[in-house]
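Working notes, beginning with the structure itself.
What follows draws every value from the coordinates through simple rules; no lab data is involved. Here the structure is a predicted model, which is why all the values come from computation and not from measurement. With ideal geometry, Cβ positions are generated from the backbone for all residues, glycine too; neighbour counts draw on all protein chains shown.
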């Protein structure tokens, strides 16, 4: 694949943070003492559960240390084999899930500083998302403002599920700050586990959690559309990571149908949800829950009606495919340049600054 895709932009890489102790050099004295005295350590979400097959590809698990645990690994396993010119790091650390918002904010700050020092400084191809304490929009905005000056941070990173739906107006300062700095907002498959991830309660098995995240993305997306986020912030882009695409056509059809009947309730939604989706929403290709027959993928994408939706991603080090077959079978040839590079450049304004 690398010979065919020079300059690809990988929009979803997951560096493994060894634990809170690794963040001690990036915390002030008060929070260092709090972390040590409480014995708070492993808040990793990227490698949870550690030994589940999907957590990391077997050939991407090092003999020692964590999968996704070093810059050398991301070079050897993700950047070089796929010919990627840029890779965006999305650190799945559980700091935003903490109920203590002050501690959450401190750990988010430390995580972003850790990513900058330990990863971005060590490979010029790497970029990152700004992890923020989403339960406190005020503190989240402070972190966006603090880190936005570093142009290597190219998006705001939120957990997929939180205590409230993301379209609620209390969260709007986050979107205002993101739009101001030209930063897309990315939702990552994971949860703050404040409420049940399904409408009917808590699941029992990991398979339920994975499948039901399609519901989570639909709920958050419909909330942001219905509450008027994209009308208020027309420059905002929303990136869904690990969302899949199989649910999109039925969501757009039902959302548009119901909007036509109920739009008097939400007069600020000035276009049908399908049009808003196509203008503002982008989705990473891994995992690609495409039809079993590769020939049907083109038909599914035709139903969505957008050549600008898909973003290339390996989801490293998670196990989504074998070898370098990251592009889904049946992807129309005309879409390859868009998926591999052009859509990302249109979605992330800051990436263009590093081009020759």
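Values for this structure:
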{"read-out": "Ranked 99, 210, 318, 280, criterion: other C-beta atoms within 10 Å, fewest first", "value": "99, 210, 280, 318"}
{"read-out": "Footprinting exposure proxy for 21, 103 (fewest neighbouring C-beta atoms within 10 Å first)", "value": "21, 103"}
{"read-out": "Taking 132, 189 and counting other C-beta atoms within 10 Å, the order from fewest to most", "value": "189, 132"}
{"read-out": "Computed [θ] at 222 nm, deg cm²/dmol, the chain (DSSP H ≥ 4; -39,500 (n - 2.57); rounded to nearest 500)", "value": "-9500 deg cm²/dmol"}
{"read-out": "The chain: antiparallel DSSP beta bridges as a percent of all, rounded to 5", "value": "5"}
{"read-out": "Burial ranking of peptide ranges 151-159, 289-297 (average Cβ count within 10 Å, highest at the top)", "value": "151-159, 289-297"}
{"read-out": "Protection proxy ranking, peptides 323-332, 76-85, average beta carbon neighbours within 10 Å, highest first", "value": "76-85, 323-332"}
{"read-out": "Bins of 10 Å, starting at 0 and running to the largest distance - Cα pair percent for the stretch 59-160", "value": "15, 44, 30, 11, 0"}
{"read-out": "Rounded, prolate or oblate (a/c below 1.5 giving rounded, otherwise prolate when a/b exceeds b/c) for the stretch 292-356 by Cα gyration tensor", "value": "oblate"}
{"read-out": "Coordinate range along principal axes, alpha carbons of the chain, Å, largest first", "value": "56, 48, 47"}
{"read-out": "Average Cα contact separation per residue, the chain, under 8 Å, 6 or more apart, as relative contact order %", "value": "19"}
